[in-house]
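The structure under discussion appears below in the form of C-alpha cells.
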C-alpha cells in the first residue's frame, strides 16, 4: 500500500527539469514535506522503483522544500546503478529543509551507499527533535558505505546528533569532499561510549581524497577524523579554513593513520578543541598509538594530529590558531584538585607528533599558534561532563573509564536543537582581531562562511589557488562545462552552474534570440572548480534566452525560458 501511495505522489508532483552535469543529464523531482503527504522520505525515494526492480529514473535529483519537515523511518539503501542526490529548492527563504530520522529507536543510518552521494543545502538530524524522548534511542550514524570506490560530496548542509559517527565508511571511498557544512552534537553517552562521537570515521580503509573546506564542527566527544589503525592510505588530505569549537577529543583530534602523497592543514581555528587536555590517561592513550611515539611512562604520546610515520608524505601545516577559553583553563586547573587530580597537571599538549614536526621543519614553530579570540555565539564547553569523567567512581564519576553505566543526562554537554544550529550559531569574531587577516592571502582564520563577503572573495581569488600546490586536489573538474540553469522555466531568478578545469578567464553572458547581449554575469579570471551565479531577469520580458560560457579555448551555449 505504501509503495502505491509513493507512486501516486510521484505522479502528482512530477516536475522533471533536464540539467547537464559533467556530461550527464539530471532530472529534478520535487518532494513534498511530510506535513503535506504524510509519506516518509525513505519510502518516497525507495518507492521510486519500477515493478521489475529498476529505478524509474536513475538520474533523478530529489528537491526538498525550503523550511519543510521531512521524516525518514528507514535506511535509504542505494544500489550501484543509481546515486542519491538531494538538494533544497530555490526559494525566497534561506531556511534549509530538515530531515529527521524518526522512531524510537530511529533508523541506524540515513543512507547506506552503494553508489555516489550528493547532498546540498539540507539539515539531517539523527532523531526526531519534535519528540525529545526519542533521543534515548539515538543510533550510530547518518551516512555509511556498503561498497568501495564511491564519492561522498556534501555542500552547505547541517549534519547533527548521532551517538557514533555522522559519516562512516565501512567500505573504502574514493572521494569524501565536504564544504560549507556544520557538524554538530557528535556523541551521546546514554547510548554509546566515549570512543564514539565523531564527524568522519574512515575506519581502516583507503581513501583517494579527503577534502574538508570551510566547515564548522561543534560539540564532539571523540574525533573530527578517525583513520586509526589503518592498513591503507588516505592519499590526499586538505583540511582548510575550518572552525572547531568544544571538543573532548577523547582519542585525538585528527587521527589520520596512514597517509599518502600530500596533507594540507592550514588556516583553521580551534576553540577548546582538545578540551580533555594532554594527560597520562592509559585508556585515552590506547588510540594515540599510530605515531609509535611514547611518553615518559612508556604509553602512547598524545598529540592533536596523529599519523603513521613515513618519509614520503609532503606536509603543509601553517596558519592554524587555537584558543583556550577561561572555562577550559578552569577545568584544567580543577584537575589539580581532589577528587579529580591529574598528575602531571593537564596542558594543551602538542599539536603534532615529533615525526610530523621534523617533516615540516621550520614551519613547525608556527604551525599552530595560541590566539585570543571570542566567538559570537557557541554552546557552553562541556566542563561538567569532563569533570564527571575524571572523578573516581566512588565519588559518582566515571573513574576515567571509556565504557560506563553510571552516566546521567545531567552531565551531558550543551546539546542544541536544529533551530539553534540553523539560526543562532555564530562563529564570527571581531574584524579588529588579528586573526581576521592571519590566514593565507590575508583572509580570516577558520570557516569563512561566518564572514560572507570575505568568503565570496576567497572563492574567486587567484592568490588562493596559487597558494595551492599544482594539481593537488583531484576533486577539481576535468572539463569545461556549463550546466542547464535551474529552475527552468523560471521567474524571475535562476541559478547557473559551470565548471572550470584550470584557472582561466571566463565570460558568462545572457543574450536574446537575436544574439543581442542583455547581461554579462561573469567576466573575470576564475580558479579551477565549480562556480555558481544567480541570474535575475526581473527587467526582461517573457521569452527564450541563451546563456553562453566562453573561455580562451571553448564556448558553450544553452537555452533558458523566462515565464512571467
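The values are calculated or read from the model by the stated rules, or taken from the named source; none is laboratory data. Here the structure is a predicted model, which is why all the values come from computation and not from measurement. Backbone-built Cβ (ideal geometry, glycine too); neighbour counts: all protein chains shown.
For the range 342-363, what are the residues that are touching a residue at least 24 places away in the same chain (Cβ under 8 Å) and assigned to a helix (DSSP H, G or I)?
354, 355, 356, 359, 360, 363
Results for (1) at pLDDT 95 or above; (2) assigned to a strand (DSSP E or B); (3) at positive phi, shown as yes or no for each residue.
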position: 183; (1), (2), (3): yes, yes, no
position: 193; (1), (2), (3): yes, no, no
position: 199; (1), (2), (3): yes, yes, no
position: 204; (1), (2), (3): no, no, no
position: 228; (1), (2), (3): yes, no, no
position: 236; (1), (2), (3): no, yes, no
position: 246; (1), (2), (3): yes, yes, yes
position: 262; (1), (2), (3): no, yes, no
position: 265; (1), (2), (3): yes, yes, no
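Table: residues versus (1) surrounded by 18 or more Cβ atoms within 10 Å (Cβ to Cβ); (2) under 18 Å from residue 421 (Cβ atoms).
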position	(1), (2)
64	yes, yes
81	no, no
87	yes, no
94	no, yes
102	yes, no
122	yes, yes
125	yes, yes
139	yes, no
148	no, no
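Against the condition surrounded by fewer than 20 Cβ atoms within 10 Å (Cβ to Cβ), touching a residue at least 24 places away in the same chain (Cβ under 8 Å) and in contact with a strand residue (DSSP E or B) (Cβ under 6 Å, 6 or more places away or on another chain), how does residue 387 come out, does it pass?
Working: surrounded by fewer than 20 Cβ atoms within 10 Å (Cβ to Cβ): yes; touching a residue at least 24 places away in the same chain (Cβ under 8 Å): yes; in contact with a strand residue (DSSP E or B) (Cβ under 6 Å, 6 or more places away or on another chain): no.
It is false that residue 387 is surrounded by fewer than 20 Cβ atoms within 10 Å (Cβ to Cβ), touching a residue at least 24 places away in the same chain (Cβ under 8 Å) and in contact with a strand residue (DSSP E or B) (Cβ under 6 Å, 6 or more places away or on another chain).
Inspect the range 327-339 for any residue being at pLDDT 95 or above and assigned to a loop (DSSP other than H, G, I, E, B) and give the result as yes or no.
No, the range 327-339 contains no residue that is at pLDDT 95 or above and assigned to a loop (DSSP other than H, G, I, E, B).
Pick from 495, 505, 422: which is out of contact with any helix residue (DSSP H, G or I) (no Cβ under 8 Å at 6 or more places or on another chain), more than 24 Å from residue 157 (Cβ to Cβ) and either in a helix (DSSP H, G or I) or outside the structural domain of residue 366 (by TED's automatic domain parsing) (or both)? Steps first, please.
Values: 495 fails: more than 24 Å from residue 157 (Cβ to Cβ); 422 fails: more than 24 Å from residue 157 (Cβ to Cβ).
Of the residues listed, the single one that is out of contact with any helix residue (DSSP H, G or I) (no Cβ under 8 Å at 6 or more places or on another chain), more than 24 Å from residue 157 (Cβ to Cβ) and either in a helix (DSSP H, G or I) or outside the structural domain of residue 366 (by TED's automatic domain parsing) (or both) is 505.
So that you can scan it fast, the table gives a plain yes or no per residue for (1) at pLDDT 95 or above; (2) part of a helix (DSSP H, G or I); (3) closer than 21 Å to residue 271 by Cβ:
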site: 394; (1), (2), (3): no, yes, no
site: 398; (1), (2), (3): no, no, no
site: 429; (1), (2), (3): yes, no, yes
site: 444; (1), (2), (3): yes, no, yes
site: 449; (1), (2), (3): yes, yes, yes
site: 459; (1), (2), (3): no, yes, no
site: 465; (1), (2), (3): no, yes, no
site: 469; (1), (2), (3): no, no, no
site: 474; (1), (2), (3): no, no, no
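Just for the range 42-55: of the residues that are in contact with a strand residue (DSSP E or B) (Cβ under 7 Å, 6 or more places away or on another chain) and outside any strand (DSSP E or B), which one is surrounded by the most Cβ atoms within 10 Å (Cβ to Cβ)? Don't jump to the end; show me each part of the working.
Residues of the range 42-55 in contact with a strand residue (DSSP E or B) (Cβ under 7 Å, 6 or more places away or on another chain): 42, 44-46, 48-49, 55.
Keeping just the survivors that are outside any strand (DSSP E or B) gives 42, 44-46, 48.
Values: 42: 22, 44: 24, 45: 22, 46: 17, 48: 20.
Among residues in the range 42-55 that are in contact with a strand residue (DSSP E or B) (Cβ under 7 Å, 6 or more places away or on another chain) and outside any strand (DSSP E or B), the one surrounded by the most Cβ atoms within 10 Å (Cβ to Cβ) is 44.
When the residues of the range 12-41 are filtered to those that are assigned to a helix (DSSP H, G or I) and surrounded by fewer than 16 Cβ atoms within 10 Å (Cβ to Cβ), which remaining residue is modelled with the lowest pLDDT? Spell out how you get there, then give the answer.
Taking the range 12-41 first, the residues assigned to a helix (DSSP H, G or I) are 12, 34-37, 41.
Within this subset, residues satisfying the condition of being surrounded by fewer than 16 Cβ atoms within 10 Å (Cβ to Cβ) are 12, 35-36.
Numbers: 12: 36, 35: 91, 36: 93.
Out of the qualifying residues, it is 12.
Hey, residue 463 hits all of (1) assigned by TED's automatic domain parsing to the domain that holds residue 380; (2) loosely packed, with under 15 Cβ neighbours inside 10 Å; (3) more than 19 Å from the chain's Cα centre (by Cα) but one; which does it fall short on?
Of (1) assigned by TED's automatic domain parsing to the domain that holds residue 380; (2) loosely packed, with under 15 Cβ neighbours inside 10 Å; (3) more than 19 Å from the chain's Cα centre (by Cα), only one is false for residue 463: (1).
Can we say residue 544 is under 17 Å from residue 485 (Cα atoms), more than 33 Å from the chain's Cα centre (by Cα) and exposed (fewer than 12 other Cβ atoms within 10 Å of the Cβ)? Give the steps one after another, and end with the answer.
Values: under 17 Å from residue 485 (Cα atoms): yes; more than 33 Å from the chain's Cα centre (by Cα): yes; exposed (fewer than 12 other Cβ atoms within 10 Å of the Cβ): yes.
It is true that residue 544 is under 17 Å from residue 485 (Cα atoms), more than 33 Å from the chain's Cα centre (by Cα) and exposed (fewer than 12 other Cβ atoms within 10 Å of the Cβ).
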